[in-house]
Each structure stands twice: as structure tokens, then as C-alpha cells.
1. Can we say A:V24 is touching a Gly at 6+ places or on another chain (Cβ under 9 Å) and of a type in the set (A, V, I, L, M)?
2. Only one of (1) at the interface with chain B (Cβ under 8 Å from one of its Cβ atoms); (2) surrounded by 18 or more Cβ atoms within 10 Å (Cβ to Cβ) fails for A:F56. Which number is that?
3. Could you tell me how many of the residues in the stretch B:42-62 are more than 8 Å from chain A (Cβ to nearest Cβ) and outside any loop (DSSP other than H, G, I, E, B)?
4. Does A:F41 satisfy the condition of being buried (at least 18 other Cβ atoms within 10 Å of the Cβ), closer than 18 Å to A:R116 by Cβ and either facing chain B (nearest Cβ under 8 Å) or in contact with a Lys or Arg (Cβ under 8 Å, 6 or more places away or on another chain) (or both)?
5. Out of A:G119, A:G50, A:G125, A:G108, report the one residue that is under 28 Å from B:K65 (Cβ atoms) and either small (G, A, S) or out of contact with any strand residue (DSSP E or B) (no Cβ under 8 Å at 6 or more places or on another chain) (or both).
6. With the condition being of a type in the set (A, V, I, L, M), touching a Cys at 6+ places or on another chain (Cβ under 9 Å) and surrounded by 14 or more Cβ atoms within 10 Å (Cβ to Cβ), I'd like the strands (runs of 3 or more DSSP E) fully within the stretch A:69-147 carrying at least 1 qualifying residues.
7. I want to confirm something. Restricting to the stretch A:1-38 and keeping residues that are facing chain B (nearest Cβ under 10 Å) and among the charged types (D, E, K, R), which single residue is nearest to the chain's Cα centre (by Cα)?
Amino acid sequence: MSYTTIPYQKIQIPARGDLPSKIVHAPILKTALLYKDNEPFYFDSVVDSGADFCVFPASLGELAGIDITEGRNAFTFGVGGKETLYFHKVKVQVTIKDEPWVFECQAGFSTKMNARGVGFLGRDGFFDLFQEVAFNQKTKMFRLKEF
Amino acid sequence: MYSNKNKSIHQIIVNMKSTLTRSKVKTVNQLIKPYPGRWVALSQDDTYVVSVASSPKAVLSQARKKGETSPHLVKSPDGSTSAIVF
């Protein structure tokens, strides 16, 4: 049985509204969308056990070469409220301890997420790679247990 | 003979060197901090900024023109879209 433990990433949040500047920690993995033979680029995705599926910013999907609005669409309700996601079967690469892991999934693409520029690695696809995904908020680490 | 005392001094020097080396390498946070609200293309090993632009398309295009074919694109947080999730 093999475990991989990965530290959360520190993110510096500038002051906004009445909230002061602060540092938050999040389980983040470097991600790429592999589409046709297009040269990949990388972006950050949050490992999110609350997400049914992987969701990425539509702008990054288009940049990878995917015709986003050609996908099957579905209404969803999430943190950002109601929106239409466009779904495509995609090959996703995540980098875990400098090693590339590739999986296929039906991923949603969201225009609301364009402003933040990060994706979500959800249960369908990413979590299926592992027997267990555990988060330790105290140590700011998450652990992936392989099958 | 390599005494325990020498060993610990040696270890202290190694640790100091390691700390000095680490401190020279900027973190992703430090690299993107000067560009709030902008897209930043980092080298694939996250050690330096390749290009900065207002859209992911522009920043990727500029990075590739500079020879970085697979950069790491990061949207630097600002006051309006500061957090990843909320």
C-alpha cells in the first residue's frame, strides 16, 4: 500500500472590503488539460471532495483547444450560485510529487470560474484514482492512498 | 576520527547553507504578488516569471514566444477575486 503526502499550498490573499490581508492554505495540484496533440500548459486546481466532478475555467478549456459551447450543458448550483456548465470528455494530467498522473473524465467548464483561473478536482475522475484521499487541516497536508 | 562535536558543527553549516539556498528561491506567491489581478506565466519549474498579461490567452502566447512552451499560468489574486473559492 503506497501513500503520498502533499503539503497544502500557501496563498497570499490581499485585503478586500473589510477583510484584512491573510494567508490561506489549500490542497492544490498543478493541472493540465491534454487535448489532441496540443502543447499543454499548466494551471492550479483545488482538490475538492465536495465537487461531484472536475470543473475548470472555460477560458482555460478554450485555450487548450476545446470548443467549450459544443459540449453537453447542464445547470448546476454551487458556491457561486446557479450557472450552466458545458461538459466534455477530457484527459487531465495532474502533477503529484513531480510525477504526471493522467485520467479521463467528463469535466464541466465554467465561465464563472474564468475570473479565478483555478480548477476543481472532483470525485468523478480524480478521486477515482485513489483508494483514499484524506485531508489534515491541522498539519495542512493531504494524503493520497493508492490502490 | 570525526567527533560528535565536529559532526554537529558540520550539520549546522550544512543547514545554514541549505537555508541560504532556499531563501534565494522565490515562492510562487512572491513571484506573482507584484501583479494583482493579472495573469502570470511562470517557468515550468516555478522559478521565474516569463510573461504577464490581462488574459490567459495573451500570457500563454507571450510565454511561448519567449520559448516557454508549457508554462504554469497563475491568476494573481486581487481585491475582487482574491480567494480561490470564496
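Bear in mind these aren't lab numbers, they're just calculated from the coordinates by the rules spelled out. Since the structure is predicted, the reported quantities are computational estimates derived from the model, not experimental observations. Neighbour counts run over all protein chains shown; Cβ positions are idealised from the backbone, glycine included.
1. In short, no.
2. Checking A:F56 against (1) at the interface with chain B (Cβ under 8 Å from one of its Cβ atoms); (2) surrounded by 18 or more Cβ atoms within 10 Å (Cβ to Cβ), the one that fails is (1).
3. So the count comes out to 10.
4. On the way: buried (at least 18 other Cβ atoms within 10 Å of the Cβ): yes; closer than 18 Å to A:R116 by Cβ: yes; either facing chain B (nearest Cβ under 8 Å) or in contact with a Lys or Arg (Cβ under 8 Å, 6 or more places away or on another chain) (or both): yes.
Against the criterion (buried (at least 18 other Cβ atoms within 10 Å of the Cβ), closer than 18 Å to A:R116 by Cβ and either facing chain B (nearest Cβ under 8 Å) or in contact with a Lys or Arg (Cβ under 8 Å, 6 or more places away or on another chain) (or both)), A:F41 qualifies.
5. A:G119
6. Details: elements: A:72-78, A:81-96, A:99-110, A:119-121, A:130-136, A:141-146.
Those strands (runs of 3 or more DSSP E) span A:81-96, A:99-110, A:119-121.
7. Once the filter is applied, the top-ranked residue is A:K30.
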